Amino acid sequence: MTTQPPRRTGTCTRCRTYWTSGSSPTTRTSPWKGCSTPLCRAGTCPRTSAPTTGKTTAATWLGRKYEQQVREATGRKDDPTFAPVVYVEMPGTVTEKNMMGKFLTFLGLPEPPARVTMEERTDRVVKALRDLDTSLVIIDDIHLVRGTSSSGRDSANTLTQFSRRVAAGFVYAGVDVQDTNLFAGPVGQQTKGRAKVTRFTNYGYSTDAQRETWLSLVLTVEADLCLFLYDHPAQALAPLAEYLWNRTAGNISSLTELLRTAAADAVDDGTERVTRQGLELVTLDEVASEAEQDRYSGLGPSDGGGRAR
């Protein structure tokens with residue numbers, strides 16, 4: 001079997017380390033040990049949460065911000081041959097074939113004929129990611145890779161082997177990630193040893209530190225969603241931080257949906273700014289609505305997660 005000569009597959013935007021990839025394993029050309037960017041870490045970062053606590057919102061925000069930073073740092077803002085971030089969602093029923101199919105679809109590659117083996121299918125994805133200098137791969141709904149079926153185990157093993165062939169950091173977002181097949185068996189244990197789990201819960205609002213964190217989140221989401229409004233001043237939602245927490249119970253998913261809907265309504269009605277009056281007209285998801293009703297009726301949590309009004 002022949003092997004490809006080492007090639008440069010990416011440059012860290014922080015420490016400027018050159019990453020090269022040959023047959024195996026992926027290596028760096030300089031011994032930088034203190035850098036924590038996805039490319040230099042070249043590991044996995046599972047993000048786990050209860051449903052609706054914002055793992056998808058956080059994952060897509062991370063991907064967008066990382067791509068912007070890398071394109072600016074490399075001077076490749078409008079380079080169509082460069083894709084620093086790849087984002088895919090796992091299908092409802094995960095198999096090796098449709099899992100790689102999700103990557104093919106994102107990359108705009110044609111679906112190969114049925115006779116193409118799983119190895120060849122994976123090779124095509126790996127080659128595309130190398131050619132595009134991809135340095136961050138985000139896989140959402142990773143919790144769907146679970147169960148005791150052979151297809152679940154095969155999919156988890158394929159994903160683990162696949163991640164080793166790409167000079168990129170991997171972010172796995174899902175519900176109760178630690179219960180998936182991703183960490184099962186000898187191969188899964190190796191993945192687990194390289195991974196750092198980030199757990200998502202609703203934001204609290206009972207301490208100064210929690211309130212500062214929530215305000216920072218509100219302003220970040222505001223900046224991302226409201227830039228297209230002509231008459232929306234920067235940080236206009238700062239005085240509404242507590243109101244927004246009470247509306248959403250500190251849920252980033254509910255916050256994002258609330259501000260997104262209010263911003264769209266502001267365009268439709270011509271006001272071109274998000275206001276409390278406009279926010280009051282937005283109907284939230286059932287979970288946030290029930291939590292809001294509980295707080296106003298005096299049944300809200302009092303164990304440090306937030307405070308009732």
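The values are calculated or read from the model by the stated rules, or taken from the named source; none is laboratory data. Everything quoted here is computed from the prediction, not taken from an experiment. Quick reminder, even Gly has a Cβ in these numbers, built from the backbone with ideal geometry, and neighbours come from all protein chains shown. Heads up: the accessible areas ignore ligands, DNA and RNA and are worked out on the full protein's heavy atoms, side chains in. Shrake-Rupley method; radii C 1.70, N 1.55, O 1.52, S 1.80 Å.
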How about the range 119-138: which of its residues are open to solvent by 20 Å² or more (accessible area, probe 1.4 Å) and touching a strand residue (DSSP E or B) at 6+ places or on another chain (Cβ under 6 Å)?
ARG130, ASP133
Output the residues belonging to the range 206-249 that are buried (at least 20 other Cβ atoms within 10 Å of the Cβ) and of a type in the set (Phe, Trp, Tyr).
TRP214, TRP245
Here is a list of conditions, (1) open to solvent by 40 Å² or more (accessible area, probe 1.4 Å); (2) more than 19 Å from the chain's Cα centre (by Cα), and VAL197 meets all of them except one; can you say which number that is?
(2)
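Restricted to the range 250-275, and to residues that are hydroxyl-bearing (Ser, Thr, Tyr) and open to solvent by 50 Å² or more (accessible area, probe 1.4 Å), which residue is farthest from the chain's Cα centre (by Cα)? Break it down into steps so the answer makes sense when it comes.
We begin by selecting, within the range 250-275, every residue hydroxyl-bearing (Ser, Thr, Tyr); these are 253-254, 256, 261, 271, 275.
With open to solvent by 50 Å² or more (accessible area, probe 1.4 Å) added as a condition, the list becomes 271, 275.
Values: THR271: 32, THR275: 29 Å.
Selected residue: THR271.
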Give, as residue ranges, the strands (runs of 3 or more DSSP E) completely inside the range 23-118 that count at least 3 residues that are surrounded by 20 or more Cβ atoms within 10 Å (Cβ to Cβ), modelled with pLDDT under 50 and among the polar types (S, T, N, Q).
44-49
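Can you tell me which of ARG194, ARG153, ARG165 is modelled with pLDDT of 85 or more and of a type in the set (D, E, K, R)? Full working, then the answer.
Numbers: ARG194 fails: modelled with pLDDT of 85 or more; ARG153 fails: modelled with pLDDT of 85 or more.
The conditions single out ARG165.
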Within the set of pairs 6+ apart or on separate chains, which have a first residue in the range 128-144 that is at negative phi, a second that is surrounded by fewer than 19 Cβ atoms within 10 Å (Cβ to Cβ) and among the basic types (Lys, Arg), and C-beta atoms under 8 Å apart?
ARG130/ARG7
Modelled with pLDDT under 90, open to solvent by less than 40 Å² (accessible area, probe 1.4 Å) and not in a helix (DSSP H, G or I): is that true of GLY298 in this structure?
no
Test for ALA288: is it aliphatic (A, V, I, L, M), modelled with pLDDT of 85 or more and not in a loop (DSSP other than H, G, I, E, B)
no
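Looking at PHE162, is it surrounded by fewer than 18 Cβ atoms within 10 Å (Cβ to Cβ) and over 26 Å from THR201 (Cβ atoms)?
Values: surrounded by fewer than 18 Cβ atoms within 10 Å (Cβ to Cβ): no; over 26 Å from THR201 (Cβ atoms): yes.
So PHE162 fails the test.
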If I go through the range 139-159 residue by residue, how many of them are crowded, with 22+ Cβ neighbours inside 10 Å, closer than 17 Å to LEU104 by Cα and under 18 Å from the mean Cα position of the chain (by Cα)?
2
